[in-house]
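Undergrad: If you scroll down you'll find the structure; I have some questions about it.
What follows draws every value from the coordinates through simple rules; no lab data is involved. Quantities reported herein were computed from a predicted structural model and do not represent experimental measurements. All Cβ positions, glycine included, derive from the backbone under ideal geometry; neighbour counts span all protein chains shown.
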Amino acid sequence: MAGLSIIVCLPPDATADVVGALDVALAPFEAYQGYPAERDQWESWRIAGGNDGHGFHIRPGAEDDPRLIHDQPHWSLGEQPSMPGMCTGGPRGLLDLTSAGAAAEVAAGQIWDLFHQLRDELPPALPMEHFAQLPRNQIPYVPIGRDEHGGFKLLPDPGRQQAGEQYRAQPLIRQLLESPHFGAGAVAQLPEILPWFTVSRERYVAARAEEVRRNSALLTLDGWWVDLDLEPVHSACDSLSTCPHRDGWTEPWTRARIATYLEELPGDVIIVRLRCRV
């Protein structure tokens with residue numbers, strides 16, 4: 001199951017109930033609801049990004065503003081505190097939107113350094129295949145329904161769960177996971193964690209930062225779902241060919257256009273980064 005990072009734009013009054021406002025904004029794009037294929041975009045979502053450098057820098061002096069938004073708890077790792085000076089969303093005027101990827105580079109460098117330090121100090125970590133013959137990237141849980149936030153309720157498959165627990169219990173893996181900036185989003189890819197660090201530090205840092213810049217969608221205030229380099233999709237339309245809202249929205253958006261859109265929003269508009277399963 002793939003993952004997607006998305007920035008959702010909400011009206012200023014969403015501050016009173018951010019999760020509720022996200023539910024409403026995202027509902028037209030939920031998968032398996034009988035919507036047209038263009039709107040079949042997500043299966044579950046969680047407010048996430050401040051913990052692993054995928055969020056936003058906070059403007060100086062706004063660090064204690066109660067309107068700032070931080071990561072929701074991860075379903076298996078619990079609380080996910082933001083990196084210093086980072087958050088996962090809030091009023092646009094409180095956020096520095098010019099540094100996307102910079103914090104991810106810092107966090108990635110710290111994790112790469114930590115891995116190689118631990119590798120020299122601890123017993124080698126065994127791959128997931130040592131504990132169970134699972135398809136690579138297979139998550140050891142199965143969905144049984146949805147929770148109040150639209151995410152899946154997950155029922156552990158005992159055999160897979162045991163293999164995952166044994167894998168994560170290895171000292172090297174455990175200490176990496178306990179690092180505050182490893183990022184909960186990496187948990188779904190745990191079988192692949194060891195090969196990540198076989199490349200050079202520069203390549204690893206660049207790859208993690210590029211994930212932030214590349215794998216990021218946008219949901220605009222007026223209901224357009226924008227994937228990088230693809231035609232936008234409107235929340236009220238059944239197909240691109242019959243959409244009556246498409247005047248001025250027929251061209252794929254570039255990274256620069258997405259950045260300009262966000263910078264030009266009024267300062268009280270709420271923007272939030274989510275991580276979705278798609």
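Undergrad: Can you work out the Karplus-derived ³J(HN,Hα) for every residue in the stretch 21-38? Use 6.51 cos²θ - 1.76 cosθ + 1.60 with θ = phi - 60°, whole Hz, and x for glycine or proline.
TA: Whole-Hz 3J(HN,Hα) from phi for the stretch 21-38: 5, 5, 3, 5, 5, 8, 3, x, 10, 6, 6, 6, 10, x, 6, x, 4, 5.
Undergrad: Restricting to DSSP loop positions (anything but H, G, I, E, B) with no more than 16 other Cβ atoms inside 10 Å of their own Cβ, which GluC sites (Glu not before Pro) remain in the stretch 198-278? Present the calculation step by step, with values, prior to reporting the outcome.
TA: On the way: sites: GLU202, GLU210, GLU211, GLU263, GLU264; in loops: GLU264.
Here the GluC sites (Glu not before Pro) that fit, given the DSSP loop and packing criteria, are GLU264.
Undergrad: Name the residues whose placed amide hydrogens come within less than 5 Å of the amide hydrogen of ASP96, ignoring near sequence neighbours (fewer than 5 apart) on the same chain.
TA: HIS57, ILE58, ARG59
Undergrad: Using a 10 Å cut-off on Cβ atoms, rank the peptides 29-40, 240-251 from the highest mean neighbour count down. Can you show the working numbers first?
TA: Working: 29-40: 14.5, 240-251: 11.6.
Top to bottom by mean Cβ count within 10 Å: 29-40, 240-251.
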